[in-house]
Amino acid sequence: MSQLVLLLSGPNLNLLGQREPEIYGAATLHDHVALARATAAQLGLAIEHRQSNHEGDLVDAIHGARGRAAAIIINGGAFTHYAWSLHDALAAFDGPVVEVHLSNPSAREGWRHLSVVSPVATGVITGLGGVGYRLAVEAVAELLSA
């Protein structure tokens, strides 16, 4: 049986491929999730994906992953920078948490420089576009096998 990895996508990520392609690229969220699923399948993992524009939905998904998922990969979108409820929910999760961003928040507007997710993440992958999703799954596989 494959170990389950919860992949969470925050607000506006449902608009990938349409919204600011010069920053986020032309690939859609579906494309990124498909890459994560394909990578996971090669590594004996299964991906469950949840996208929401509502903070509480993501908190509920994290709570629901406790005792069920082996790891969480999260692109919190704008919630990354201020949603302390995500921080607290992830802190209560017992497993690896990998934060991923298509762009490099540190190279963008000042308000994007703070991540409330990073302090409770096992690792962070930023600025590598869609490759970041593949790398996040590979990192989770490595962490779970250690």
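The values are calculated or read from the model by the stated rules, or taken from the named source; none is laboratory data. On a predicted model such as this, the values are computed, not experimentally measured, just so you know. Reconstructed Cβ throughout: ideal geometry from the backbone, glycine too, with neighbour counts over all protein chains shown.
For VAL117, indicate whether it is under 21 Å from GLY25 (Cα atoms), out of contact with any Cys (no Cβ under 8 Å at 6 or more places or on another chain) and aliphatic (A, V, I, L, M).
Considered against the rule, which asks whether it is under 21 Å from GLY25 (Cα atoms), out of contact with any Cys (no Cβ under 8 Å at 6 or more places or on another chain) and aliphatic (A, V, I, L, M), VAL117 comes out as no.
Here is a list: ALA78, ALA71. Which entry is surrounded by fewer than 19 Cβ atoms within 10 Å (Cβ to Cβ) and aliphatic (A, V, I, L, M)?
Within the list ALA78, ALA71, the selection yields ALA78.
Out of LEU35, LEU6, I need the residue that is crowded, with 19+ Cβ neighbours inside 10 Å, in contact with a helix residue (DSSP H, G or I) (Cβ under 6 Å, 6 or more places away or on another chain), at pLDDT 95 or above and not small (Gly, Ala, Ser). Which one?
LEU6
Kindly list, by first and then second residue, each pair from a residue in the stretch 21-47 that is without any contact (Cβ under 8 Å) to a residue 24 or more places away in the chain to a residue that is surrounded by 15 or more Cβ atoms within 10 Å (Cβ to Cβ) and of a type in the set (Val, Ile, Thr), limited to pairs with Cβ atoms under 8 Å and residues at least 6 apart or on different chains.
Taking only residues 6 or more apart or on different chains, the pairs are ARG37/ILE47.
For residues that are surrounded by fewer than 17 Cβ atoms within 10 Å (Cβ to Cβ), part of a helix (DSSP H, G or I) and modelled with pLDDT under 95, tally how many sit in the stretch 20-32.
Going through the stretch 20-32 one residue at a time, the tally reaches 3.
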